[in-house]
Amino acid sequence: AASDVYKRQYMYSEKVMDHFQNPRNVGEIEDASGVGTVGNAKCGDIMRMFLDIDENGIIREAKFKTFGCGAAMATELVKGKTIQEALQVTNKAVMEALDGLPPVKVHCSLLAEEAIHAALWDYAEKHGIKIQGLEKPKSDISEHDEDEEY
């Protein structure tokens with residue numbers, strides 16, 4: 001099958017393939033509490049993350065739309081978490097949750113991490129609050145990794 005060829009060629013884990021074949025949390029949240037849009041100019045990937053955060057600061061719902069390869073596991077990792085817990089979701093955590101990613105796809109997990117931060121930044125701005133430990137996100141994550149080659 002074609003998926004077996006992709007798995008062998010790019011060494012995707014079973015979990016990555018499962019998310020590819022059975023995507024979760026795809027779509028938009030109308031009137032979202034926070035929306036983050038980030039991209040990587042080098043590979044053309046764009047991810048938009050939508051968060052619905054309740055009055056207690058708990059992420060009730062997380063959805064994403066992506067153009068490119070984006071590691072959507074991040075939406076699974078933030079649902080039910082507090083804002084501070086969501087802030088701790090790193091690209092490393094996304095990769096570990098997916099049982100690893102091939103080196104050429106590591107930027108996908110960076111995109112997911114930055115999309116979470118961008119959505120939380122948008123939420124904070126909408127509510128006039130400051131989230132401890134959150135810096136203004138970059139809209140192009142390739143600024144982070146100028147030395148990397150894909």
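Readers should treat all values here as calculations from the given coordinates under stated rules, not as data from a laboratory. Small disclaimer: the values here were computed from a predicted structure and weren't measured. A quick note on method: Cβ atoms are made from the backbone with ideal geometry, for glycine too, and the neighbour counts reach across all protein chains shown.
Listed values, structure above:
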{"item": "Cut-off 17 Å (backbone N to label point 7 Å along Cα→Cβ of residue 13), residues of segment 20-63", "result": "20-24"}
{"item": "Spatially proximal lysines relative to residue 63 (Cα-Cα < 18 Å; intrachain offsets below 8 disregarded)", "result": "79, 81"}
{"item": "Residue-by-residue Karplus 3J(HN,Hα) for segment 31-37, coefficients 6.51, -1.76, 1.60, Hz, glycine and proline x", "result": "6, 4, 5, x, 10, x, 10"}
{"item": "Length gained when the stretch residue 84-residue 132 is fully extended (0.36 nm per residue, less Cα-Cα span)", "result": "16.5 nm"}
{"item": "Gain upon complete extension [residue 21, residue 99; 0.36 nm per residue less C-alpha separation]", "result": "26.5 nm"}
